[in-house]
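Take a look at the structure set out below.
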Amino acid sequence: MTSSETNRSEEPSTTEGRPGSVAWELLLPAASAPARARGRSLQAALREAVRTGRLTPGTRLPSSRDLAADLGVSRGLITEAYEQLTAEGYLRSGRGAGTWVGGAVRAARPRARDLAPRPPGARADFVPGTPDLSLFPRAAWAAAQRGVLAELPHRDLGYPDPRGLPRLRTALAELLARRRGVVADPERVVVVSGVAQATTLLGFVLHARGMPTVGVEDPGSPGHDALYAATGVTTVPVPLDNEGLAVGPLKASGVRSVVVTPAHQYPTGIAYSARRRTELLDWARSVDGFVLEDDYDGDFRYDRAPVGALQGLDPERVAYAGSVSKSLAPGLRLGWLLVPESIADEVIERKRTIDLGHPTVDQALFARFLEHGDYDRQLRRCQRAYRERRDTLVAALDEHFPGSEVSGIAAGLHVIATLPRRFGPEKDFLARVADAGVRVRPLKDCTHAPAGVGDGEDVRLVLGYAHLSPARIRAGVRLMAEAAGV
C-alpha cells in the first residue's frame with residue numbers, strides 16, 4: 001500500500017473516500033484465510049462491517065482492482081464478494097458509478113441473552129420446582145446415546161409419528177402401568193415436551209370443544225393459569241379441603257374440566273382421599289367432562305409406596321400427564337400425555353401441527369434408558385438422596401425455628417412450613433430474609449387471592465429441598481433464622 005493510500009485509509013469514513021481504518025482492518029484477517037475459505041471470509045467480513053455500522057450507508061468502496069491489490073488477493077474474489085453482497089442488499093452499484101454501502105441494513109449486532117429462570121446471586125434458594133441436577137446420570141445417559149446412534153434405523157430419522165416412536169410409547173406404557181397404576185395403551189400415549197406442552201395441547205382441544213373455562217386447585221401451581229390462558233382458556237380457582245379438591249364449589253363453578261394433582265397436591269402435599277377421588281370422577285361423568293391429572297412428582301413417596309394415579313380408575317375421563325423434569329432434568333423437555341379415546345385424535349392432530357413430533361433421537365435414547373432399567377435405578381438414587389434432604393430440612397427447622405409445623409413431608413420435593421407467630425408478620429419476615437439473600441416462596445403466592453390479601457401474622461412457606469445438599473440446607477435455614485432475628 002502506498003503512503004498516499006495509507007493516509008486515506010486513516011481518515012474518517014466519508015461518502016467519497018475509502019472505508020475508515022477500523023472497518024478496513026476488518027478485511028485483513030479474511031484476506032489471510034486459507035485459500036478455499038478466503039472468498040467466504042471476505043464476504044462475511046464485509047457483511048459484518050455493514051451490519052455493525054462500521055461501514056455506514058453511503059460509504060463508497062474501493063474499486064475491485066484497488067481493493068484486491070491492497071489485500072493481496074485476486075480481483076475475482078473481490079468482484080464475487082461485491083456481487084454477492086449487492087444481491088443481498090448490503091451494497092449497491094451502478095454502471096460506471098462504483099460500489100457503495102446500501103441503506104437497507106438496520107440489523108443490530110446479535111447478542112445472545114440467557115433468559116433461563118435462574119436466581120441472581122441468592123445466598124440460599126428454597127424456591128421449589130427444581131431437582132438436583134448434579135444427580136443427572138451422565139455416564140448411563142452417554143452409554144444409551146452411543147447405543148442408540150449405533151442401532152437407530154435410518155427410517156427413524158424421518159418425520160416421526162406425532163404421538164412418538166412406538167418403541168418409546170410401549171416402554172412408557174409399561175413403566176407407567178407398573179409404577180403409577182395407570183391404564184396405559186401405547187396407542188394413546190403422546191410424547192410431549194414436558195407437562196407444559198401437555199397442558200397447552202389439552203387447552204387447545206378443550207377450547208375447540210366449547211369448554212372455555214377450566215377449574216384449578218386453589219392453592220395450586222402458579223403455572224397453570226398462564227399455560228391455559230395462552231390457549232384462550234380461562235382458569236377458575238376451586239378451593240381445597242383436607243381430602244382434596246372441594247366438590248361442592250367445583251359443581252357450583254360451572255366448569256366441565258378441572259386440573260388436579262391428586263397423588264401429591266401442589267403445594268399443600270396432601271394425597272386425595274379415596275372418597276374424594278370417587279366424587280371427582282362421578283362429577284366428571286355427570287357433566288360429560290374431564291379431569292386433567294398433573295402427576296408432577298408422583299414417584300417420590302417416602303413413607304410407603306406412591307399413591308397410584310387417578311387415571312387408573314377411569315381412563316376415559318382422566319387425561320394423565322407426567323415428565324422427567326423432577327427425576328432426570330427439566331432441560332431434557334421430555335414428558336408424556338395419556339389421553340381419553342374421545343379426544344385422542346384431536347390431541348394428536350394438534351401435536352402434529354405444533355411441532356411435527358418430538359425429536360426422534362431423544363425418544364430412542366429415553367426408550368433405551370427405560371428398557372435397560374437405568375430409569376428405575378435413577379429413581380431409587382434420587383429417592384434416597386431426597387429423603388435425606390427432607391429429613392435434614394425438617395431437623396434444621398426444628399432447631400432454628402422451634403415450634404414450627406411442617407406438613408406435606410410424606411412425598412414430593414418440598415414441604416409446607418408454618419412458623420410460630422412470633423416470627424411474623426409475614427410481610428416483614430419475607431423482607432428480612434430477602435435482604436439476607438434467602439429466596440423462599442410464601443404459600444400465598446400459590447393462591448388466587450388478590451395482592452395484599454392473605455398478608456397476616458402467620459408465616460407459611462413452601463420450601464423446596466431437592467436441589468440443595470444437606471450442608472446447604474442447614475446453612476440456608478441458619479441464615480434465614482439469623483435474618484429473622486432468632
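The values are calculated or read from the model by the stated rules, or taken from the named source; none is laboratory data. Treat the numbers as computed from the prediction; the structure is a model and nothing was measured. Here the Cβ positions follow ideal geometry from the backbone for every residue, glycine too, while neighbour counts run over all protein chains shown. Each accessible area value is taken on the protein alone, full model and side chains, heavy atoms only, with ligands, DNA and RNA left out. Shrake-Rupley method; radii C 1.70, N 1.55, O 1.52, S 1.80 Å.
The single residue among Leu313, Leu356 that is surrounded by fewer than 21 Cβ atoms within 10 Å (Cβ to Cβ) and in contact with a Phe, Trp or Tyr (Cβ under 7 Å, 6 or more places away or on another chain) turns out to be Leu356. Tell me whether segment 380-392 contains one or more residues that are open to solvent by 30 Å² or more (accessible area, probe 1.4 Å) and part of a loop (DSSP other than H, G, I, E, B). So far as segment 380-392 goes, no, none of its residues is open to solvent by 30 Å² or more (accessible area, probe 1.4 Å) and part of a loop (DSSP other than H, G, I, E, B). Which one of Ala367, Ala271, Ala344, Ala284 is touching a strand residue (DSSP E or B) at 6+ places or on another chain (Cβ under 6 Å), touching a residue at least 12 places away in the same chain (Cβ under 8 Å) and on the phi < 0 side of the Ramachandran plot? The unique qualifying residue is Ala284. How many residues does segment 425-444 contain that are open to solvent by 40 Å² or more (accessible area, probe 1.4 Å) and not basic (Lys, Arg)? Residues meeting the conditions: 5.
If you go through segment 127-157 and keep only what is free of Cβ contacts under 8 Å to residues at least 60 places away in the same chain and more than 23 Å from the chain's Cα centre (by Cα), you end up with Ala139, Ala143, Arg146, Ala150, Glu151, Pro153, His154, Arg155.
Could you list, in sequence order, the residues of segment 207-226 that are farther than 21 Å from Thr268 by Cα and either open to solvent by 50 Å² or more (accessible area, probe 1.4 Å) or without any contact (Cβ under 8 Å) to a residue 40 or more places away in the chain (or both)? Passing the criteria: His207, Ala208, Arg209, Gly210, Pro212.
Can you say whether Gln363 is polar (S, T, N, Q), in contact with a helix residue (DSSP H, G or I) (Cβ under 6 Å, 6 or more places away or on another chain) and either outside any strand (DSSP E or B) or open to solvent by 50 Å² or more (accessible area, probe 1.4 Å) (or both), as far as the supplied structure shows? It is true that Gln363 is polar (S, T, N, Q), in contact with a helix residue (DSSP H, G or I) (Cβ under 6 Å, 6 or more places away or on another chain) and either outside any strand (DSSP E or B) or open to solvent by 50 Å² or more (accessible area, probe 1.4 Å) (or both). Applying a threshold of 8 Å to beta carbon distances and a minimum spacing of six or more residues, or different chains, the list of pairs starting in segment 232-243 at a residue that is in contact (Cβ under 8 Å) with a residue 40 or more places away in the chain and within 9 Å of Asp218 (Cα to Cα) and ending at one that is in a strand (DSSP E or B) and of a type in the set (Val, Ile, Thr) reads Pro237/Val216. One residue stands out among those in segment 247-282 that are open to solvent by less than 10 Å² (accessible area, probe 1.4 Å) and within 19 Å of Lys444 (Cβ to Cβ): the one that is farthest from the chain's Cα centre (by Cα), which is Gln265.
Residues in segment 317-349 that are part of a helix (DSSP H, G or I) and either crowded, with 18+ Cβ neighbours inside 10 Å or not polar (S, T, N, Q) (or both): Pro330, Gly331, Leu332, Glu341, Ile343, Ala344, Asp345, Glu346, Val347, Ile348, Glu349. Contact map, segment 311-332: first residue acidic (Asp, Glu), second residue open to solvent by less than 30 Å² (accessible area, probe 1.4 Å), Cβ cut-off under 7 Å, separation 6 or more or different chains; pairs are Asp314/Leu281; Glu316/Pro340.
Which one is nearest to Leu328 (Cα to Cα), of the residues in segment 132-185 that are in contact with a Ser or Thr (Cβ under 7 Å, 6 or more places away or on another chain) and buried (at least 17 other Cβ atoms within 10 Å of the Cβ)? For segment 132-185, the residue satisfying everything is Leu165. Checked against the criterion of being charged (D, E, K, R), out of contact with any strand residue (DSSP E or B) (no Cβ under 8 Å at 6 or more places or on another chain) and at pLDDT 95 or above, the candidates Arg155, Arg146 yield just one match: Arg146.
Exactly one residue out of Val406, Val415 is aliphatic (A, V, I, L, M), free of Cβ contacts under 8 Å to residues at least 24 places away in the same chain and either farther than 30 Å from Arg317 by Cβ or in contact with a His (Cβ under 7 Å, 6 or more places away or on another chain) (or both): that is Val406. Entry remark, segment 350-360: residues being in contact (Cβ under 8 Å) with a residue 12 or more places away in the chain and assigned to a helix (DSSP H, G or I) number 6 in total. On the stretch given as segment 202-218, residues that are touching a strand residue (DSSP E or B) at 6+ places or on another chain (Cβ under 7 Å) and assigned to a helix (DSSP H, G or I) total 2. So for segment 437-456 (the condition being touching a helix residue (DSSP H, G or I) at 6+ places or on another chain (Cβ under 6 Å), modelled with pLDDT under 95 and charged (D, E, K, R)), does at least one residue qualify? Taking every residue of segment 437-456 in turn, at least one turns out to be touching a helix residue (DSSP H, G or I) at 6+ places or on another chain (Cβ under 6 Å), modelled with pLDDT under 95 and charged (D, E, K, R).
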